[in-house]
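Below is one structure, written out as structure tokens; the observations come after it.
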Amino acid sequence: QTTEEIEARVGKVWKEIEYAWNVGLTNYFNSADSAIRSPKLFKAFVDAMPEWFNPKFHHLFANAHELTPEVMPLLKKLHATVYLGVENAAIENHGKGKIHFNVMNKERADMMSSRRAVEILHEYEIPMRLSFVFGDPGETRETLAENLEIIVGMVEKHPTITDLELNPIEVLPGTQAF
């Protein structure tokens, strides 16, 4: 995209947010797959943030590999709480190559990448909400217990974890788990 196209796109989003703000909506939840998928667009969005924008809360999704030191100041400027799908904490010890295959969206989820993302969010004091999935193919009572132990340890170590989302796997037609 050209600079002009990015500016137009970002301007449109801020106008929509301003309309919502003016009618009293001051809580924001970005439900897109990831707000940071395009770092260039994300930076343009944050750089264009109006002075009046100071939400009570602003939540957004991000993928672990997108959470780099370069985007941390942008997240802080947005006053964002980051939603991070860790998915399955224990699988790295039992899965081949320490990679967990996320059957819901057919993407590889690297647990070490998730742990690195939690560490960097904590280092920059950015609040986070972590999402875990239980019942993946191959999960046992032992891996479930290990997951819970890892989750408790993460929460104890990182007070910037403000919320946990613990979900059973949802096996739907058309997914690999079905």
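The values are calculated or read from the model by the stated rules, or taken from the named source; none is laboratory data. Because the structure is predicted, anything quoted here is derived from the model rather than measured. Positions of Cβ are generated from backbone atoms using ideal geometry, with glycine treated the same way; all protein chains shown enter the neighbour counts. Keep in mind that these areas ignore ligands, DNA and RNA; they rest on the heavy atoms of the full protein, side chains included. Shrake-Rupley method; radii C 1.70, N 1.55, O 1.52, S 1.80 Å.
I'd like to know if segment 21-31 contains one or more residues that are open to solvent by less than 50 Å² (accessible area, probe 1.4 Å), touching a Ser or Thr at 6+ places or on another chain (Cβ under 9 Å), in contact (Cβ under 8 Å) with a residue 24 or more places away in the chain and under 18 Å from I126 (Cβ atoms).
no
Looking at segment 13-65, which of the residues that are of a type in the set (F, W, Y) and either in contact with a Cys (Cβ under 7 Å, 6 or more places away or on another chain) or not in a helix (DSSP H, G or I) (or both) is nearest to Q1 (Cα to Cα)?
Result: F61.
Scan segment 27-83 for residues that are more than 12 Å from the chain's Cα centre (by Cα), at pLDDT below 85 and among the charged types (D, E, K, R) and jot them down.
K56
Does segment 90-98 contain any residue that is of a type in the set (A, V, I, L, M) and at pLDDT 90 or above?
No, segment 90-98 contains no residue that is of a type in the set (A, V, I, L, M) and at pLDDT 90 or above.
Of these, V155, V133, which one is β-branched (V, I, T) and either at pLDDT 85 or above or open to solvent by 70 Å² or more (accessible area, probe 1.4 Å) (or both)?
V155
Out of everything in segment 139-163 that is out of contact with any helix residue (DSSP H, G or I) (no Cβ under 8 Å at 6 or more places or on another chain) and acidic (D, E), what residue ends up being farthest from V82 (Cα to Cα)?
Residue satisfying both the conditions and the ranking: E142.
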